[in-house]
Number of protein chains: 2
Amino acid sequence: MQKEAVVGIDIGGTFTKFAIVDRLANIMGEGSIPTSRTNDAGEYVTHLANAVNASIQEVAGQVVVKGIGIGAPNSNYKNGCIEYAVNLTWAHGKIIPFVQLFKQHFNMPVAITNDANAAALGEMIYGGAKEMKDFILITLGTGLGSGLVVNGELLYGHDGLAGEIGHVRAKDNGRICSCGRRGCLETYVSAQGIKRTVFELLAEYTNPSELRNYSFNDLTSETIYHAATRNDPIALKAFEITGELLGVKLADAVAHTSPQAIFLFGGLAKSGDYILRPTRESFEKNLLKNFQKVPVIMSLLTEGNVAVLGASALIWQELNLHAHNGNN
Amino acid sequence: MQKEAVVGIDIGGTFTKFAIVDRLANIMGEGSIPTSRTNDAGEYVTHLANAVNASIQEVAGQVVVKGIGIGAPNSNYKNGCIEYAVNLTWAHGKIIPFVQLFKQHFNMPVAITNDANAAALGEMIYGGAKEMKDFILITLGTGLGSGLVVNGELLYGHDGLAGEIGHVRAKDNGRICSCGRRGCLETYVSAQGIKRTVFELLAEYTNPSELRNYSFNDLTSETIYHAATRNDPIALKAFEITGELLGVKLADAVAHTSPQAIFLFGGLAKSGDYILRPTRESFEKNLLKNFQKVPVIMSLLTEGNVAVLGASALIWQELNLHAHNGNN
């Protein structure tokens, strides 16, 4: 009997990566295509499907591919659509029935979920949450994403959109958010958010800082991290402010779903203790006493493969569910 | 074959009410005992068990009682304990293994959950959430309780303590809360919270108000409601402020679990449109656009029986689960 495998696909703003993955997270084949060379979703899907099919052909002797899992921004597990994804040229301002389009090219189950949910599944199946049934994963990238796992399953909610912790209100009359409202958590706690905090601090204080040499467009969260390692006062203060706000909102998240642990993942999370220490301090100070100590820890997955592994975990879980229910 | 029934018990600070309830919510027998005449949990349990057993004997010819469900403040479904319940004389500052104590008197399944969770189950099985799998119920009593239903089941979380929306942070450096922290939602949005808001407004403004005749101890949320019906400016403003804060935090709750609807229940919710209109306005203004309109509605259950019905729903659900799993 041939070994079973699935395809995991990670759709990012610039590149789309995919891999053929077995049940033990071994990668049997992989590839990538540019994401945003076209404004036509059908054209993108055909291009991607051809690349994936070519990879499947290459390993056809070794494995049989049983399904395809996709992680993508603004995607909805329940309706299979990518909805108003501002950073995908072919999905900007539109609802794309992505699963339906993709299934025209493949005769196997296809499922999609947003990137934070896919990362949470990856953490549960391959990472630090292996023994956990209730946890939260926070992605700190350009924005702030969250995947909530409850009783061993992703929390999707009524319409598939649960887990938008990036859009809880962090400040009354706060910063303008890309969602059109003010004060959302991700306007403070994300790679973009900490940049905005740095610029506020540069305006407020007179301390010398190497960050005074960067334009807003040139500044990155990595630059802020490196400045912090050199004890730059503005960079250090920016991490304090960011972690403190994150800690408060993680305590609120615990009051909703009472997880066993909270994992941090993504670009800004790579700043290590600079973000982790103030986050933990604020979190523990703000946690309702009834809750036992909930650890806030770094994801055990390396960024390189978590997205495709998470997407593959999505479809493995689907296949298991279908097997249990006796249909496919 | 005799008709099946269960016992639902509602432990309040003053009275403990119970009823024998069939699957259609018909009440076959009922009774009550005072809750807080003793500091000894064992004594209270024996008193309650005797009263419940007497009621069971009375209907022994008509029904066979299959289990006992209990709703009580600060109680934990997962470990069967009542933990640090400040308003129960025999549980103040202690962890009471209530289910274990109660089972010494009964040879049938016993389960306990907090009052807000019991009310949510009541709403799901007998009330306005009959067709819903994802909803939130908020109890606006002395404090603010919440029961979160996800995928047709109560969200308990890792340790049984999920659904503490009364203790999310509503204001930085806000009012002192009984939990020891500052700014918790229930210090603003609850019967006690709106009283505190009225006193703040009476201090801040000079408008004449009938509420200037009440001491803090004499003032109730009913008094504030009646003043509002007579267009008292302080009472009206207090409801506006209360509803606005509740709306913001309900929008945040939707960002966590994406429910189909939110139900309001309890003393303060009886103020009808005075609380509902500003809550809805603020909620809709603050809801992330991606979410479809989520209705904020009054519970369909009447306060008189919801607590015991909710507790009976808890044990009906347990009995169904056990039947499906083939054990009891």
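What to note about this one:
- Listed by position, the strands (runs of 3 or more DSSP E) inside segment A:102-177 whose residues that are of a type in the set (Phe, Trp, Tyr), within 17 Å of the chain's Cα centre (by Cα) and within 30 Å of B:Leu245 (Cα to Cα) number at least 1 are A:135-140.
- Only a single criterion out of (1) more than 9 Å from every other protein chain (Cβ to nearest Cβ); (2) at pLDDT 95 or above is not satisfied by A:Gly145, namely (2).
- Per-region count, segment B:67-87, residues over 17 Å from B:Leu155 (Cα atoms) and among the polar types (S, T, N, Q): 1
- First in segment B:125-139 and basic (Lys, Arg) and surrounded by fewer than 20 Cβ atoms within 10 Å (Cβ to Cβ), second anywhere and at pLDDT 95 or above and in a helix (DSSP H, G or I), Cβ under 6 Å, 6 or more apart: none
- Pair list, Cβ < 6 Å and 6+ apart or interchain, from segment B:194-221 residues that are of a type outside the set (S, T, N, Q) to residues that are assigned to a loop (DSSP other than H, G, I, E, B): B:Lys195/B:Leu219; B:Glu210/B:Asp232
- Test: residue in segment A:284-292 that is modelled with pLDDT under 90, surrounded by fewer than 20 Cβ atoms within 10 Å (Cβ to Cβ) and of a type in the set (Lys, Arg): yes
- Picking from residues in segment B:149-162 that are more than 7 Å from every other protein chain (Cβ to nearest Cβ) and in contact with a helix residue (DSSP H, G or I) (Cβ under 7 Å, 6 or more places away or on another chain), the one that is nearest to B:Val254 (Cα to Cα) is B:Val149.
- Which numbered condition B:Gly183 misses (of (1) under 19 Å from the mean Cα position of the chain (by Cα); (2) more than 7 Å from chain A (Cβ to nearest Cβ); (3) within 30 Å of A:Gly145 (Cα to Cα); (4) of a type outside the set (A, V, I, L, M)): (1)
- Any chance B:Leu309 is assigned to a loop (DSSP other than H, G, I, E, B), away from chain A (no Cβ under 11 Å) and crowded, with 20+ Cβ neighbours inside 10 Å: no
- Residues that are outside any loop (DSSP other than H, G, I, E, B), touching a residue at least 24 places away in the same chain (Cβ under 8 Å), within 12 Å of another protein chain (Cβ to nearest Cβ) and not aliphatic (A, V, I, L, M), drawn from segment A:255-282: A:Thr257, A:Ser282
- Checked against (1) at pLDDT below 95; (2) within 14 Å of chain B (Cβ to nearest Cβ), A:Asp252 passes all but a single condition, namely (1).
- Residue match in segment B:220-231 (condition: under 23 Å from A:Leu288 (Cα atoms) and crowded, with 18+ Cβ neighbours inside 10 Å): no
- Of all residues in segment B:248-277 being among the aromatic types (Phe, Trp, Tyr) and over 12 Å from B:Val294 (Cα atoms), the one that is nearest to the chain's Cα centre (by Cα): B:Phe265
- Residue match in segment B:196-219 (condition: on the phi > 0 side of the Ramachandran plot, assigned by TED's automatic domain parsing to the domain that holds B:Leu137 and part of a loop (DSSP other than H, G, I, E, B)): no
The values are calculated or read from the model by the stated rules, or taken from the named source; none is laboratory data. Everything quoted here is computed from the prediction, not taken from an experiment. All Cβ positions, glycine included, derive from the backbone under ideal geometry; neighbour counts span all protein chains shown.
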